[in-house]
1. Tell me, what is the Rg over Rh of the stretch 432-527, with Rh the Kirkwood radius over Cα pairs?
2. Helix 440-457 against the longest principal axis of the chain: what's the angle in degrees, Cα atoms only, rounded to the nearest 10?
3. Based on C-alpha coordinates, I'd like the Rg and Dmax of the stretch 246-376, in Å.
4. Given the pairs Lys310/Lys338; Lys329/Lys349; Lys51/Lys518, which are separated by over 20 angstrom at their Cα positions?
5. Any idea what % of Cα-Cα pairs in the stretch 323-385 are farther than 20 Å?
6. Extension gain Asn2-Asn425, at 0.36 nm per residue separation less the Cα-Cα distance, in nm?
7. Eight or more residues apart or on different chains, and alpha-carbon atoms under 15 Å: count the Lys pairs in the stretch 112-243 matching that.
8. Give me the angle, in degrees from 0 to 90, between the Cα long axis of helix 297-311 and the longest principal axis of the Cα atoms of the chain, rounded to the nearest 10.
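Every read-out reported here was derived from the displayed coordinates using simple, explicitly stated rules and does not represent laboratory data. As the structure is a prediction and not an experimental result, all values here were calculated from the model. Positions of Cβ are backbone-derived with ideal geometry, glycine not excepted, and every protein chain shown enters the neighbour counts.
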Amino acid sequence: MNAEKKIHKTDFLVIGSGIAGLSFALKVANNFKNATVTIVTKNEKNECNTKYAQGGISTVWDKTVDSFEQHIEDTLIAGDGLCDEKVVKMVVESAPDRLRELIEWGTQFDKTKDGSYSLGREGGHSQDRVLHHKDITGAEIERALLQQVENTENITFLNYHYAIDLITEHQLKQKQTKRKGKITCYGAYVLDEKKNCVKTFSAKVTMLATGGNGQVYSTTTNPVIATGDGIAMAYRAKAEISDMEFIQFHPTALYNPGEYPAFLISEAVRGEGAILRNYNGDRFMHNYDDREELASRDIVARAIDRELKKNGTPNVYLDCTHIDYNAFKKHFPNITEKCLSLGIDIRKKYIPVCPAQHYICGGVNVSKKGKTSIKNLYASGEVTRSGLHGANRLASNSLLEGLVFSHNAAESLIKRFPKIKSPTNIPQWNDSGVVKNMEKILITHDRNEVKTIMSNYVGIVRSNERLLRAERRLKGLYEDNKRLYDYSELSTDLCELRNLITTAYLITQFSKNRKENKGGFYSADLV
Ligand code: FAD
Ligand code: SIN
């Protein structure tokens, strides 16, 4: 792997092109017309979790039927006592303004016949408050944001550019810039996959917007890009990380063996009245929670897990047969089509579903302004632990989180940015000592092994014994990967594997340290 003999200087380096990265890039590019903004993203420009979001974005839109207090209360209940109340209040109260802005940027949300916005309901919400675009809300948001970015002159967009590591004092030749105890971020090393070289990006401000790490599990709704790169990079740079044990499993992924990632059957379908039935066709949610199908996700996923284990079956069913078909098809055309393609006519047949990893509540600690513990490193979206979600995220609060924290970060930089000096003495990527004899299949084996370990031992129901097994096996994988990483030619696959192992290990360690069952963390030994 060659290191390019040039330093790429940019004012803002944005890593990731989902809702968090794109909205931040737009904001700072517009706030500072003379500044340079570079977005690097590792795949196609629109490939990200955001693109697959179905249900929508929650906001208190109509104060005659809903209130900030209720949205706050629902978020706190879902978070199982571990949310930061001040953060929840700030996000909920900012939501309408951020949504209006998203609409100004061209996002089309569905409307009712009278011209008002159609509001959906999802688990854990006491009111209809989810703005949506059919069942492809994320794709619509991504479309609108990308169009805005394309029309913004001072943004450079580089796809198939994979961020390997953040640049901090650790890499500097001269360490004189390091203030006692304070680490600063100066940009990132980025692999240009097309040119097969490592580029050095020096930046005054770096925004980490790399999303989650669903790929550590065998069954996940997350696309293959979700490998926890940002969390692992920040961890290596010694940023503060927390709440990694709180993994959200979505209760209703389509049970379709062999399909990967799992196709999601939106929670909004239960919001429209769909009923969960076990393998015998019996309803069961009333045995677990008074809110039945609309209890929060952790509760519904655990209830399904219990039914599966009790009955020894691979899936339960979602019954939509009683719902008005035309209304269903209008709101959920993508889901209707997907089911039909598998021979499931939802008027006559139940949809087979089972839980799948969906979201990580923990990550890089950020303040309300999106600041990490590393100077000039900001973070927003699923890569973060902001205090909004606590132990379990309320449905449709995630897209909102990305918008709000990216906005806050950009606003706080209006005063700060002019005072930040350009980094100097940034060393290029060190490509010495590399041989090229690695069998790629080793990476595939190891990647599959991480998934198996995490699904078997760090899933919906954990235990001390399971966590110890996971820890021991992940340590072995870590050693193997370190050897490969030190001596092989660098590739995206290899770096992703390193990050998958790191974040899997963090989830396991944080789980071992948690002494009380909360939200998305449940150990059979703590009951
Ligand atoms: P992402 O949208 O995942 O973007 C991350 C970006 O970083 C990508 O562009 C990726 O390629 C890039 N990247 C990652 N690593 C690197 C690297 N090393 N170098 C360069 N680039 C990198 N939430 C809701 O609120 N409402 C919903 O209805 C909803 N539905 C969902 C449905 C599905 C199927 C899924 C999977 C999630 C859903 N979520 C929903 C969750 C929500 O979509 C995500 O949490 C949110 O989109 C995260 O946005 P983000 O910008 O933080 O990350
Ligand atoms: C869904 O549509 O069920 C996903 C919503 C979310 O993840 O918030």
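1. Numbers: Rg = 15.3 Å, Rh = 14.3 Å.
That ratio equals 1.07.
2. Rounded to the nearest ten degrees, it is 50.
3. When restricted to the Cα atoms of the stretch 246-376, Rg and Dmax are 16.9, 57 Å.
4. Numbers: Lys310/Lys338 29 Å; Lys329/Lys349 15 Å; Lys51/Lys518 29 Å.
The answer is Lys310/Lys338; Lys51/Lys518.
5. On the way: 1065 of 1953 pairs.
For the stretch 323-385, the fraction of Cα-Cα distances above 20 Å is 55 percent.
6. Full extension from Asn2 to Asn425 adds 150.3 nm.
7. 4
8. 60 degrees
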